[in-house]
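> Here it is: the structure, laid out below.
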Amino acid sequence: MSDYYVHPSSFVDEGAVVGKGSKVWHFCHVLSGAVIGERCNIGQNCVIMPGTRLGNNVKLQNNVSVYEGVELEDDVFCGPSMVFTNVGTPRSHVNRRGEYERTVVKKGASIGANATVVCGHNLGRYSFVGAGSVVTKDVKDFALVVGNPARQIGWMCQCGERLTLAKSQATCARCGSRYIEQNGELVPQ
């Protein structure tokens, strides 16, 4: 008996690693060489390719594919049907397997439903990508980005609450965490 759950309609290839307490729901395929951490929740119809790594407590909602070159650190949330790309200039008739670009989604980041993360761009710790946004450049730690292309419109607390800055300082209304903005970055206090 394994320490994780796989729905009978899903398939985890031999050679894939799935951590303790993780759940892989309906119609998923986890390929050999993929690594899934502990306590992850993989929604239905997800594909996790070889050479990918999901940290602990990662949540993939339905219809998310994690392609080679993508790494999700601990506590990352991927909303329904969001998309990662892994090749900058794909062509069906040209083999680009040696050109996969690396994308790292740092600890605690959230990506909204139907958002697209263009390969080669990293998302900072506790950043927040709004639903439907298209990320075409790196996103700073704690940044809130929206639109196509995604642009920063504010800052988020690590608990997920939008912050209001006054004189370059903010205190989260939900959890009380304090931050200061310095040189275009948000720094926890």
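The values are calculated or read from the model by the stated rules, or taken from the named source; none is laboratory data. Just so it is clear, the structure is predicted and the values come from calculations on it, not from any experiment. Here Cβ is always computed from backbone atoms with ideal geometry, including for glycine, and neighbour counts include all displayed protein chains. Areas reflect the complete protein model, heavy atoms only, side chains present, ligands, DNA and RNA absent. Shrake-Rupley method; radii C 1.70, N 1.55, O 1.52, S 1.80 Å.
> Based on the Cα atoms of the range 37-95, what semi-axes does the equivalent ellipsoid have, where each is the square root of 5 times one gyration tensor eigenvalue, given in whole Å with the largest first?
Ellipsoid semi-axes (Å, largest first): 22, 13, 9.
> Among 127, 92, 65, which one moves the most in a GNM of the chain with springs linking Cα atoms closer than 10 Å?
So, out of 127, 92, 65, the one fluctuating most is 92.
> Also: I want to check a number: in the range 1-150, how many lysine pairs have alpha carbons closer than 25 Å, given a sequence separation of 8 or more or different chains?
Taking the range 1-150 as the scope, the lysine pair count is 14.
> On average, how much accessible surface per residue is there in the range 66-156, in Å², for a 1.4 Å probe, leaving out ligands, DNA and RNA?
Dividing the accessible area of the range 66-156 by its residue count gives 47 Å².
> Compute the Cα gyration tensor for the range 1-135, then decide on rounded, prolate or oblate, letting a ≥ b ≥ c be the square roots of its eigenvalues: rounded whenever a/c is under 1.5, prolate when a/b is larger than b/c in the other cases, and oblate in all that remain.
Details: a/c = 1.68, a/b = 1.24, b/c = 1.35.
Judged from the Cα gyration tensor, the range 1-135 comes out oblate (a/c at least 1.5, b/c at or above a/b).
> What is the range 110-189 by shape, rounded, prolate or oblate, if you read a ≥ b ≥ c off the alpha carbon gyration tensor as root eigenvalues and call it rounded for a/c under 1.5, prolate for a/b larger than b/c, and oblate otherwise?
prolate
> On to the next question. Using Cα-Cα distances under 8 Å and only pairs 6 or more residues apart, what relative contact order does the range 78-133 have, in percent?
Working: 109 pairs, mean separation 22.6, N = 56.
Once divided by the residue count of the range 78-133, the mean separation gives 40 percent.
> So, with a 1.4 angstrom probe, what is the percent of accessible area on the chain that is carbon and sulfur?
Ligands and nucleic acids excluded, carbon and sulfur give 47 percent.
> At a 10 angstrom cut-off on C-beta neighbours, averaged per residue, how do the peptides 31-39, 83-91, 105-113, 162-170 rank from highest to lowest?
Put in order of decreasing packing, that is 105-113, 31-39, 83-91, 162-170.
> Another question, then. By DSSP, what percent of the beta bridges with both residues in the chain are antiparallel, rounded to the nearest 5?
Working: 15 of 50 bridges.
Of all bridge pairs located within the chain, approximately 30 percent are antiparallel.
> Can you say what percent of the DSSP beta bridges in the range 1-111, counting only those with both residues inside, are antiparallel? Round to 5.
5
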